[in-house]
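Worksheet: the structure to be examined is printed underneath.
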Amino acid sequence: MIFVGVDAGGTRARCAAISSTGTVIGRVTGPGANVHRHGPQASGRTLVGLVRAALRDTPPGAPVYAAVCAAGLDTKEVEAALADGLREAAPDIDWSLANDAMGAWMGAFGTGSSGVVAISGTGSVAFARNGAREARAGGWGALLGDEGSGYDIGRRALIAVLRQHDRVGPPTALCGPVLRELGLTEPQSIIDHMHFRMQPSDVAALAPVVLHHASAGDPVAERIVEAAATALVEFAGAAAAAVRDEGDPPTPFALVGGVSGDALFRACVRRHSAGPARCLSWQQAQASPIVGSVRLAMEAAATACPGLIGTIELTPHLTAAIEAAA
């Protein structure tokens, strides 16, 4: 029996497959598969291709349980459309689907019963669980939100450059580096570039530029990072409050996603999450979202084959091997 986990964000997707003996048998990284951005059909083709690639060295005939945790899986209608496409393209695989926030939560807290995870990647979302109760905040996509994400940071940087150009905003060291990152020579070119050539993932790719200059002390970049961190913590606090009972201790809070790897951003988020008003307790995520996706695949197999899950353990060694898929 094979368990496959897929963590599909807006910029990239990661896939890992393990056997029922606890051996990693395949790891693949591919393009993003946000269903809102690419549509169910294109996302489905990407996901099937990733899973097939991860399984290329496995003998035929072994039962395969694949859990896809994808950005954009927000409604039953979209989930059903993607599920139909996956089952039609790969009927030999038992598919289960969830929003990427679920995989992130399972990676961050494992078998825990309470916690809130915030994702800051291309987009952003916060997801909380307390026993059987669940709640999320954010995750509305680039057109309607994604505050606290790489896209948010990149978009704010573009606006800062344009405001400096219009002489209505403060000077910032971001201007030259942002233009160079885009392959442009003047701010006037940003408008066409943004509307005709850039996807949300391209905007999010500006986040490292902003974070670098914030670390170097540029005041505009610092304010952008502070605003993004504040927004993300607001999402986390709102999701946690929705599932918290009166008298509960502070909710464990973990941060994951591509932007979360930046030390300055993590420090800002941690600082803004402190204090009794937030009722959040900062902790390091136990594992990355890809591990959470594999765990969900194992749970799906356990439901189909009761008693199986107890024979497999996600040990630290196996967890580290799965995370090498990143």
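All of the numbers you see were taken from the coordinates with simple rules; none came from a lab. The structure displayed is predicted, hence computed values, not measured ones. Reconstructed Cβ throughout: ideal geometry from the backbone, glycine too, with neighbour counts over all protein chains shown.
Where Rh is the Kirkwood radius over the Cα pairs of the range 111-285, the temperature 4 °C and the viscosity 1.567 mPa s, what D in µm²/s does Stokes-Einstein return?
Stokes-Einstein gives a translational diffusion coefficient of 78 µm²/s.
Under the 0.36 nm per residue contour assumption, what length would be gained going from the current alpha-carbon distance of L143 and T111 to full extension?
8.1 nm
Just want the answer: with Cβ charges of +1 for Lys and Arg and -1 for Asp and Glu, which residue in P208, G112, L179 is farthest toward the dipole's positive end in the range 111-285?
G112
Which one of G139, A240, I190 is farthest out on the positive end of the charge dipole of the range 111-285, using unit charges on Cβ (Lys, Arg +1; Asp, Glu -1) and the Cα centre as origin?
So the residue we want is A240.
How many nm is it between the label spots at A320 and T23, if each spot is 7 Å from the Cα in line with the beta carbon?
Placing both labels 7 Å beyond Cα along the Cβ direction yields 2.0 nm.
Write down Rg/Rh for the range 112-160, rounded to two decimals, with Rg from the C-alpha atoms and Rh from the Kirkwood relation over Cα pairs.
1.12
For G26, list long-range residues whose amide hydrogen, built 1.01 Å from N in the peptide plane, is under 5 Å from its own amide hydrogen.
A17
Run the quick spin-label model on E299 and R270: label points 7 Å from Cα toward the beta carbon, then report their separation in nm to one decimal.
So the two model labels end up 2.8 nm from each other.
Assuming R0 = 51 Å, can you tell me the calculated FRET efficiency for the pair A263 and T185, based on Cβ-Cβ distance, to the nearest 0.05?
With a Förster radius of 51 Å, E is 0.95.
I need the phi-derived Karplus couplings for the range 178-183: 6.51 cos²θ - 1.76 cosθ + 1.60, θ = phi - 60°, integer Hz, Gly and Pro marked x.
Whole-Hz 3J(HN,Hα) from phi for the range 178-183: 5, 4, 5, 4, 8, x.
Tell me the label-point distance for the pair A62, D92, using the 7 Å Cα-to-Cβ offset, in nm and rounded to one decimal.
1.3 nm
Residue farthest toward the positive end of the dipole of the chain, with Cβ of Lys/Arg at +1 and Asp/Glu at -1: which of I25, G258, G44?
G258
Tabulate in residue order the Karplus-calculated ³J(HN,Hα) for the range 152-168, using 6.51 cos²θ - 1.76 cosθ + 1.60 with θ = phi - 60°, rounded to whole Hz; enter x for Gly and Pro.
Once rounded to whole Hz, the list reads 4, 5, x, 5, 4, 5, 4, 5, 4, 5, 5, 5, 5, 4, 7, 6, 10.
Determine which residues of the range 1-25 fall in the zone a paramagnetic label at E313 would reach in this model, i.e. backbone nitrogen under 14 Å from the point 7 Å along Cα→Cβ.
Once the point is set 7 Å along Cα→Cβ of E313, 22 turn out to lie under 14 Å by backbone N, inside the range 1-25.
Extent of the chain along each principal axis, from alpha carbon coordinates, in Å, largest to smallest?
66, 49, 36
Among DSSP bridges having both ends in the chain, what percentage is antiparallel? Round to the nearest 5.
Details: 27 of 48 bridges.
Roughly 55 percent of the beta bridges in the chain run antiparallel, per DSSP.
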